[in-house]
1. Determine whether residue 107 is at pLDDT 75 or above, assigned to a loop (DSSP other than H, G, I, E, B) and either more than 22 Å from residue 20 (Cβ to Cβ) or more than 23 Å from the chain's Cα centre (by Cα) (or both).
2. Can you give me the number of residues within the range 110-123 that are surrounded by 13 or more Cβ atoms within 10 Å (Cβ to Cβ) and either at pLDDT 85 or above or of a type in the set (Ser, Thr, Tyr) (or both)?
3. Scanning the range 124-146 for residues that are in a helix (DSSP H, G or I) and of a type in the set (A, V, I, L, M), which turns out modelled with the lowest pLDDT?
Amino acid sequence: MMNARAQVPTFDAATRVKLAKICGMMGSAHDGEALSAARKAHALLTSCGKTWTDAVCGHSPAASSSATPKTARKPRAAKTPEPRTCVDICEIIVKSPAATEWERGFARDLLENWRGRDLSRRQMASLREIWMKLKPKRRGRKAGRR
């Protein structure tokens, strides 16, 4: 007879990467998707026998606070999430100091008057033109790479 013992996942590098990807979905504009990601992340932690403190701090609070990492890494610059909807783009335009008053007003009007209907071709073209002018430039790409 085989041992029917359940194997407990370890909190190794692969598990931490998986947790980070799941946590990234918590920022979804869709509440159900964000909640589902949070629950999945919590389930992953508990299945490894870890707490959120362990995951975030790298140790439990009872662990010695004098423990320092061997190599300190330079923190990465936070990535600006790509807008997923026209509403996201309009919100960015309204807050952008680089946008003209007309562009901010146009985006504000779209946000205030949009009732779930599709935008007209002209509205979409104007919104696309404003976004292309304002969106952050991608850096670090080599010539010829796509």
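The values are calculated or read from the model by the stated rules, or taken from the named source; none is laboratory data. Just so we're clear, the structure is a prediction, and the values are computed from it rather than from any experiment. We place every Cβ from the backbone using ideal geometry, glycine too, and count neighbours over all the protein chains shown.
1. Judged against the criteria, residue 107 is not a match.
2. Selection size over the range 110-123: 3.
3. Looking at residues that are in a helix (DSSP H, G or I) and of a type in the set (A, V, I, L, M), I get 134.
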